[in-house]
1. What FRET efficiency, computed as 1/(1 + (r/R0)^6) with R0 = 35 Å and r the Cβ-Cβ distance, is obtained for residue 204 and residue 148, rounded to the nearest 0.05?
2. Among rounded, prolate and oblate, which fits segment 16-154 when a ≥ b ≥ c are the square roots of the eigenvalues of its C-alpha gyration tensor, a/c under 1.5 means rounded, and a/b larger than b/c means prolate?
3. Taking amide H positions as placed in the peptide plane 1.01 Å from N, state which residues far from residue 163 in sequence (5 or more) or on other chains have amide H under 5 Å from it.
4. Short version: ³J(HN,Hα) in whole Hz for each residue of segment 95-100, in order, from phi by Karplus 6.51 cos²θ - 1.76 cosθ + 1.60 (θ = phi - 60°), x for Gly and Pro, what are they?
5. Quote the charge dipole size of segment 112-217 about the Cα centre in Debye, to the nearest 20; the model charges only the Cβ of Lys and Arg (+1) and of Asp and Glu (-1).
6. Pairs to check: 124/237; 61/124; 45/201; 61/237; 61/142; 45/140. Give those whose C-alpha atoms are more than 31 Å from each other in this structure.
7. Quick one: dipole size for the chain, taken about the Cα centre, charges +1 on Lys/Arg Cβ and -1 on Asp/Glu Cβ, in debye to the nearest 20.
8. Kindly report, to the nearest 10 Å², the accessible surface of residue 245 as traced by a 1.4 Å probe over protein heavy atoms only.
Amino acid sequence: MTNVSSSSSSVNKSSWRLKSVVTLALTLLTSSQSILIVWSKRAGKYEYSVTTANFSVEALKCALSLAALSRIWKREGVTEDNRLTTSFDEVSVYPIPALLYLVKNLLQYYIFAYVDAPAYQILKNLNIISTGVLYRIILKRKLSEIQWAAFILLCAGCTTAQLNASSDRVLQTPFQGWMMAIIMALLSGFAGVYTEAIIKKRPSRNINVQNFWLYIFGMIFNLVAICVQDYDAVMNKGFFHGYSFITVCMILNHALSGIAVSMVMKYADNIVKVYSTSVAMLLTAIVSVFLFGFHLSLAFFLGSTVVSVSVYLHSIGKPQK
């Protein structure tokens, strides 16, 4: 009896430790994402090509997915569910979400012409609304009254955080910044719902196989973006021109963030994502005070608190099956 209880205690401790590590990793990655993008600028502009940075992120994620698959193949062998097949039915579903993520990820760089890092961290939560509404429309998934109320709170929190008492302008973020944030939320929501629909279509399929094809098409579309937008600059100055240590850290951050989210889904739960999002907003604001001279106003503090509460309510308000 003693051995059983001590064994159970050991498992619980190990589980708690793993959950803590995953939570900490996701919080740090989430909070540093916008800071690294802003920090990678020089004199208010990017010296590197954002399309090559985006391509590098997709290539790194693809390599990490392939490395994970290699480990699975060594441990379990090649099976029907973890085999990299190139059939049209298998591959043809991935270009749409890859294209949506491409546009969303590129907008992520340009939105910082209109918002600062803390404002971006708050506005990014608008994708909860777009995802929820698209779940309802596309996947016919019901939303509870609490979740609808959380959406209203989220809008109120985002707006409150942007109130500007020291200027003639009511909101700190201009119209262009709001429009880009809304477009990014819609793109992220639609891509997320579409990707989930693909995964649910064949739930036994290994997630790394699905990620691999998503990232392959992401690389292809980013190559097209490089040719259209930065071909001359890349050919004349080189692919990695303008890259700094901060740029490399930013690319690593973007690549590892996706892995951290998948680890949360596997080893922790959705509440971990909620707490990580809430703490990340506060951390981003505090770090931005020292790095970029950000003014931590009462409106921002109240707005971010309301956003955190709305994210929590949305998480616990899922309809009971």
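1. Efficiency, rounded to the nearest 0.05: 0.55.
2. oblate
3. Hits under the 5 Å cutoff: 172.
4. Here the 3J(HN,Hα) series is x, 5, x, 5, 5, 5 Hz.
5. It works out to roughly 680 debye.
6. Correct reply: 124/237; 45/201; 61/142; 45/140.
7. 800 debye
8. Residue 245 has an accessible surface of roughly 150 Å² with all protein chains in place.
The values are calculated or read from the model by the stated rules, or taken from the named source; none is laboratory data. Note that the coordinates shown come from a computational prediction; the quantities given were computed from them, not determined experimentally. Positions of Cβ are backbone-derived with ideal geometry, glycine not excepted, and every protein chain shown enters the neighbour counts. Ligands, DNA and RNA are stripped out before the accessible areas are found, and what is left, the full protein with its side chains, is counted by its heavy atoms. Shrake-Rupley method; radii C 1.70, N 1.55, O 1.52, S 1.80 Å.
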